[in-house]
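Remarks on the structure that follows.
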Amino acid sequence: MAIEYLKRGKPEADRKDDDAQVRQVVETTLKDIETRGDVAVRELSEKFDGYTPENFKLSEADIEALMEKVSDRDMADIKFAQEQVRNFAQAQRDSMLDIEVEPMPGVILGHKNIPVQSVGCYVPGGKFPMVASAHMSVATASVAGVPRIIACTPPFKGEPNPAVIAAMHLGGAHEIYVLGGIQGIGAMAIGTETIDPVHMLVGPGNAFVAEAKRQLFGRVGIDLFAGPTETMVIADDTVDGEMCATDLLGQAEHGYNSPAVLLTNSRKLADDTLSEIDRILKIIPTADTATKSWEDYGEVILCDTYDEMLEVADDIASEHVQVMTDRDDWFLDNMTCYGALFLGPRTNVANGDKVIGTNHTLPTKKAGRYTGGLWVGKYLKTHSYQKITTDEAAADVGAYGSRLCLLEGFVGHAEQCNLRVRRYGGVNIPYGGPAPNKDAAE
């Protein structure tokens with residue numbers, strides 16, 4: 001294998017040091033919220049966002065007043081995007097069926113898909129008002145039938161962002177709070193004097209939000225670990241450097257620690273992309289962020305073959321993977337570890353982020369090895385049930401259960417089965433004894 005790094009990002013050890021600092025801050029902050037509740041939340045909001053309203057929860061009148069500030073064009077665009085997200089989420093929900101089967105006479109087995117009963121949706125917005133994140137979390141939860149949906153978003157330039165609030169409200173949020181960062185996540189999960197805790201947290205965020213979700217997992221459910229944005233471009237000489245550079249920097253502007261990786265088998269494309277990145281960074285309005293992100297987390301990896309590109313891509317397991325090659329469907333058929341794929345030069349990650357209908361809350365930091373992104377199914381719990389309807393089935397299954405429980409040494413378990421064999425099969429079994437093997441007796 002011949003893999004050459006034409007550009008490397010920040011060393012892994014340095015990234016781990018950054019993560020350790022974030023962990024410590026989050027742990028201390030969550031303990032403070034648990035101990036002091038609303039007082040701690042208010043102090044944190046003042047410290048980090050300069051925002052201390054009389055009430056962090058927006059009233060119906062507040063929401064209506066904010067929505068009136070959204071232009072007709074913007075409102076129409078929000079509704080269009082939300083319709084695409086709802087339509088795809090509904091198609092996914094329709095694919096998830098409750099089932100009931102009778103594998104043997106008198107034995108009924110089934111499962112039901114039941115919505116999580118309360119969800120806290122975090123919508124980033126301190127630096128960029130992430131209108132689209134409201135569609136992805138709130139509207140999708142609504143399609144799933146979650147009965148209590150609360151949403152938190154930080155203030156934008158000192159006040160609630162009208163477009164974000166409109167998207168939350170139209171998406172179906174029952175409670176909306178203007179709270180950001182660790183304090184928003186902690187308040188929803190831990191609860192305070194004025195906020196009832198939820199059963200599950202969803203939504204993307206910065207490193208502190210992602211770490212807060214990680215530390216709260218178990219106390220509440222989470223969708224996935226969705227930290228700083230990652231993007232990978234897999235490309236060959238069917239596309240040019242401008243397109244690759246544009247797609248890399250289009251995601252690098254998210255934050256100072258957003259990995260962006262070009263994976264290619266064309267040295268010319270790699271060199272052209274590096275040149276185009278230098279050019280675009282001189283003109284893009286978000287250059288301060290994108291430049292820092294590219295310097296510290298940008299990489300260009302040159303491979304000899306498509307098989308090598310596939311292997312490296314699955315190892316990195318990037319959140320967004322833009323594929324622009326002469327064999328895009330081959331990557332679709334063979335890639336196994338990623339957040340979402342964007343296939344062909346006509347497609348781009350921004351479509352998925354904002355409007356096309358798939359969900360943009362996706363796994364980061366290699367979590368794509370074991371989970372996909374947020375979707376309607378994440379809000380549903382699949383619960384099984386069983387029912388025995390005949391005496392014969394109760395005795396037959398009970399006999400097998402009795403012997404298998406004793407095989408493991410569980411006498412009490414075996415007696416649950418034996419009792420049914422005695423009651424419904426008319427067989428006299430001493431306490432703790434094995435049920436007879438009917439087939440052997442015959």
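The values are calculated or read from the model by the stated rules, or taken from the named source; none is laboratory data. All of these numbers come straight from a predicted model, not from anything done at the bench. Here the Cβ positions follow ideal geometry from the backbone for every residue, glycine too, while neighbour counts run over all protein chains shown. All accessible areas refer to the heavy atoms of the entire protein, side chains included, with ligands and DNA or RNA removed. Shrake-Rupley method; radii C 1.70, N 1.55, O 1.52, S 1.80 Å.
Annotations
- Selection within segment 66-85 - of a type in the set (A, V, I, L, M, F, W, C) and open to solvent by 50 Å² or more (accessible area, probe 1.4 Å): Phe80
- Looking across segment 65-87, the residues that are closer than 16 Å to Ser133 by Cα and among the acidic types (Asp, Glu) come down to Asp74, Asp77, Glu83.
- Those residues of segment 27-62 which are among the hydrophobic types (A, V, I, L, M, F, W, C), under 28 Å from the mean Cα position of the chain (by Cα) and within 18 Å of Ile195 (Cα to Cα), in sequence order: Leu30, Ile33, Ala40, Val41, Leu44, Phe56, Leu58
Residue by residue, here is whether (1) in a strand (DSSP E or B); (2) within 18 Å of His199 (Cα to Cα); (3) among the acidic types (Asp, Glu) holds:
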{"position": "Val85", "(1), (2), (3)": "no, no, no"}
{"position": "Ala89", "(1), (2), (3)": "no, no, no"}
{"position": "Arg93", "(1), (2), (3)": "no, no, no"}
{"position": "Val101", "(1), (2), (3)": "yes, no, no"}
{"position": "Gly120", "(1), (2), (3)": "yes, yes, no"}
{"position": "Ala134", "(1), (2), (3)": "no, no, no"}
{"position": "Val164", "(1), (2), (3)": "no, no, no"}
{"position": "Leu170", "(1), (2), (3)": "no, no, no"}
{"position": "Tyr177", "(1), (2), (3)": "yes, yes, no"}
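- Subset of segment 250-280 (residues that are assigned to a helix (DSSP H, G or I), among the aliphatic types (A, V, I, L, M) and either modelled with pLDDT under 95 or touching a Phe, Trp or Tyr at 6+ places or on another chain (Cβ under 7 Å) (or both)): Ala252, Ile277
- Considering residues of segment 167-190 that are of a type in the set (Gly, Ala, Ser) and open to solvent by 10 Å² or more (accessible area, probe 1.4 Å) only, the residue farthest from Gly221 (Cα to Cα): Gly172
- Residue tally, condition part of a loop (DSSP other than H, G, I, E, B), open to solvent by 30 Å² or more (accessible area, probe 1.4 Å) and at pLDDT 95 or above, over segment 140-161: 2
- Taking helices (runs of 4 or more DSSP H) as the structural unit, those lying wholly within segment 284-382 and holding at least 2 residues that are in contact with a Phe, Trp or Tyr (Cβ under 7 Å, 6 or more places away or on another chain) and under 20 Å from Tyr256 (Cα atoms) correspond to 287-297.
- Scanning segment 48-65 for any residue that is over 15 Å from Ile182 (Cα atoms), touching a strand residue (DSSP E or B) at 6+ places or on another chain (Cβ under 9 Å) and in a helix (DSSP H, G or I) turns up at least one such residue.
- Single condition Pro129 does not satisfy, out of (1) closer than 26 Å to Gly221 by Cα; (2) modelled with pLDDT of 95 or more; (3) surrounded by 14 or more Cβ atoms within 10 Å (Cβ to Cβ): (2)
- Of Tyr5, Tyr51, all but one fail to be more than 16 Å from Pro259 (Cβ to Cβ) and of a type in the set (Phe, Trp, Tyr); the exception is Tyr51.
- The set of residues from segment 101-126 being open to solvent by 20 Å² or more (accessible area, probe 1.4 Å), within 24 Å of Trp375 (Cα to Cα) and either over 20 Å from the mean Cα position of the chain (by Cα) or of a type in the set (Ser, Thr, Tyr) (or both) comprises His111, Lys112.
- Test result for Ile316, open to solvent by less than 20 Å² (accessible area, probe 1.4 Å), within 27 Å of Asp14 (Cα to Cα) and either out of contact with any Ser or Thr (no Cβ under 6 Å at 6 or more places or on another chain) or of a type in the set (A, V, I, L, M) (or both): no
- Within the option set Val164, Val220, being among the hydrophobic types (A, V, I, L, M, F, W, C) and surrounded by 22 or more Cβ atoms within 10 Å (Cβ to Cβ) holds for one residue only, Val164.
- Some residue of segment 401-416 being in contact with a Ser or Thr (Cβ under 6 Å, 6 or more places away or on another chain) and in contact (Cβ under 8 Å) with a residue 40 or more places away in the chain: no
- Applying a threshold of 7 Å to beta carbon distances and a minimum spacing of six or more residues, or different chains, the list of pairs starting in segment 344-356 at a residue that is within 10 Å of Val323 (Cα to Cα) and ending at one that is in a loop (DSSP other than H, G, I, E, B) reads Pro345/Val239.
- Restricting attention to segment 191-217 and to residues that are among the β-branched types (Val, Ile, Thr) and in a loop (DSSP other than H, G, I, E, B), the residue that is surrounded by the fewest Cβ atoms within 10 Å (Cβ to Cβ) turns out to be Thr194.
For every residue, the table says whether it meets (1) of a type in the set (A, V, I, L, M, F, W, C); (2) touching a residue at least 40 places away in the same chain (Cβ under 8 Å).
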position	(1), (2)
Glu83	no, no
Pro124	no, yes
Ser137	no, yes
Ala144	yes, yes
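- Beta carbons closer than 7 Å, at least 6 apart along the sequence or on distinct chains, pair a first residue in segment 374-395 that is open to solvent by less than 50 Å² (accessible area, probe 1.4 Å) with a second that is part of a strand (DSSP E or B) and not hydrophobic (A, V, I, L, M, F, W, C) for Tyr379/Pro115; Leu380/Asn113; Leu380/Pro115.
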